[in-house]
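The values are calculated or read from the model by the stated rules, or taken from the named source; none is laboratory data. Predicted model only: the values in this text are computed from it and were never measured. Here Cβ is always computed from backbone atoms with ideal geometry, including for glycine, and neighbour counts include all displayed protein chains.
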Amino acid sequence: MKLLLDSTRCQGYGLCQEPAPELIDLDEWGYAQPRVTEVPPGDRDAAEAAVAACPNSALRLVK
């Protein structure tokens, strides 16, 4: 499973990092920067929570 970011949709709220700090960093302005592309099996729930937390649908998971 891959975690993808559409950087044109990210508005820098930082809400995605709260449920998945091991998967997502924030830059100095609060914009998401995925730490990984391939989500480890044990982090799938955190990745799904991060996607759900994004108010602008900037993150998505693909198989």
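Listed here are the residues, each with its yes/no results for (1) assigned to a helix (DSSP H, G or I); (2) of a type outside the set (Val, Ile, Thr); (3) free of Cβ contacts under 8 Å to residues at least 40 places away in the same chain.
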position	(1), (2), (3)
9	no, yes, no
19	no, yes, yes
48	yes, yes, yes
61	no, yes, no
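Taking into account only those residues within the range 8-55 that are modelled with pLDDT of 95 or more and of a type in the set (S, T, N, Q), which is surrounded by the most Cβ atoms within 10 Å (Cβ to Cβ)?
Out of the qualifying residues, it is 17.
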